Amino acid sequence: MPKLKLKTHSGAKRRFSVSGRGKILRRKSHVNNARRKKRQAVKGQFDATQPVHRSFRQRLRRLLPYGGV
């Protein structure tokens with residue numbers, strides 16, 4: 001009998017990425033909302049990705065069974 005393949009959640013694979021060490025990374029929110037009003041320091045922070053909080057890790061592992069590929 002063939003092995004069961006798990007499906008990757010297509011919305012999650014677009015929104016999250018997995019680092020080389022296995023951390024799930026996310027983009028910061030409010031990036032596209034009124035960029036001209038924000039300070040340059042705040043706009044610079046939008047370029048970096050942040051790790052997901054540990055309370056969401058297990059849920060996202062279920063959505064990304066193969067590391068988001």
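Among the residues in the range 7-25, are any at positive phi and surrounded by 10 or more Cβ atoms within 10 Å (Cβ to Cβ)?
no
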Selection within the range 50-69 - surrounded by 12 or more Cβ atoms within 10 Å (Cβ to Cβ), assigned to a loop (DSSP other than H, G, I, E, B) and touching a helix residue (DSSP H, G or I) at 6+ places or on another chain (Cβ under 9 Å): VAL52, LEU64, GLY68
Restricting to the range 15-49, and then to whatever is assigned to a helix (DSSP H, G or I) and not basic (Lys, Arg), can you tell me which residue is farthest from GLY67 (Cα to Cα)? GLN40
Among (1) out of contact with any Gly (no Cβ under 8 Å at 6 or more places or on another chain); (2) within 28 Å of PRO65 (Cα to Cα); (3) of a type in the set (A, V, I, L, M, F, W, C), where does ALA12 come up short? (1)
Kindly check whether there is at least one residue in the range 38-47 that is without any contact (Cβ under 8 Å) to a residue 60 or more places away in the chain, surrounded by 11 or more Cβ atoms within 10 Å (Cβ to Cβ) and within 10 Å of the chain's Cα centre (by Cα). no
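Read the figures in this text as sums done on the coordinates, not as results from a lab. Since we're looking at a predicted model, the values are computed, not measured. Every residue, glycine among them, receives a Cβ derived from its backbone with ideal geometry; neighbour counts consider all protein chains shown.
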